[in-house]
Amino acid sequence: MIVGLTGGIGSGKSTVAAMFGELGVPVFIADLEARKLLEEDESVKEKVRDLLGDSAFVDNLPDRRYIASVVFDNKTLLDALNAIIHPAVAQRFQLWYSRQQSPYVIYEAAILFEHGGQAKCDQVILVTAPKEIRISRVIKRDGVSRQEVLARMENQWPEEQKIPLADYVIENIDLEETLRIVKKIHCFYVKN
Ligand code: ADP
């Protein structure tokens, strides 16, 4: 069984994914795999170079700051970049998934519903937190400005749009409470 785990930036989705990981559940982190592809996969790099130009890479390694600055206020380029990266991540996931033996796996992705990714999942867990809390978490975590956080949020759906599509919604405010809910969901998945 594939359980999608999603949530807007700063919701605590990676924190929740780590909790499932601690319980022994295999976790595939889509954003991390996308990053690896940009670093290692020559065919992906070639396509990104064609799209964004040579400045996207320095010494054959992706210049993530440059790439982010170019795509985050340009929806057309962002979509084009995603169209290169997403199929490659999906392929990597399939290979990884075919090797897993656990009753279920977690597929963690910041963007899931936005491109219909729930269709590939048997269940979807959504992590939420109030917007102001999310903003202050990200400012603290990444050392970025409020404006930068808001710009990143604009490429993600608002929580109200995602909540009705999720099987479970974890409101992540108190970490102990979150862990309690994670354990409950885990028990349910293992038993069913
Ligand atoms: P996401 O992956 O959704 O962007 P993270 O899991 O990285 O979010 O969480 C954002 C930041 O907030 C991290 O520094 C994390 O340690 C912190 N954090 C996550 N959940 C909580 C919580 N319930 N209480 C306090 N800090 C939290």
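None of the figures in this text is laboratory data; all of them are computed from the coordinates on show. Keep in mind it's a predicted model, so treat the numbers as computed, not measured. Don't worry about glycine lacking a Cβ; one is built from the backbone with ideal geometry, like all the others, and counts go over all protein chains shown.
Applying 0.36 nm per residue to the separation of GLN161 and GLU40 and subtracting their alpha-carbon distance, the gain on full extension is 40.1 nm. Looking at the chain, what % of its DSSP beta bridges pair antiparallel, to the nearest 5? DSSP beta bridges in the chain are roughly 10 percent antiparallel. Only Cα pairs under 8 Å and 6+ residues apart enter the sum, and on that basis the relative contact order of the chain stands at 38 percent.
Once the Cβ-Cβ distance of ALA18 and LYS131 is raised to the sixth power relative to R0 = 22 Å, the FRET efficiency obtained is 0.45. Cross-link partners for LYS191 among the lysines, with Cα-Cα distance under 28 Å and sequence neighbours closer than 8 places in the same chain left out: LYS13, LYS120, LYS162, LYS183. When the chain is treated as a GNM, springs tying every alpha-carbon pair under 10 Å, which of ASP142, ASP31, ASP79 comes out with the largest mean-square fluctuation? Comparing ASP142, ASP31, ASP79 in a Gaussian network model of the chain, the most mobile one is ASP142. Just want to confirm a number: the relative contact order over the range 33-99, from Cα pairs under 8 angstrom separated by 6+ residues, in percent. Relative contact order, the range 33-99: 36 percent. Please find, in a Gaussian network model of the chain (springs between Cα atoms separated by less than 10 Å), the residue of ALA34, ALA80, ALA166 whose mean-square fluctuation is greatest. Between ALA34, ALA80, ALA166, it is ALA80 that shows the largest mean-square fluctuation.
By Kyte-Doolittle mean hydropathy of at least 0.0 and Cα axial length of at least 18 Å, which whole DSSP H helices of the chain are selected? The qualifying helices are 75-98, 175-191. Debye-formula intensities of the chain, expressed as log10 I(q)/I(0) at q = 0.08, 0.16, 0.18 Å⁻¹, are -0.27, -1.09, -1.32 (one equal scatterer per alpha-carbon, no solvent).
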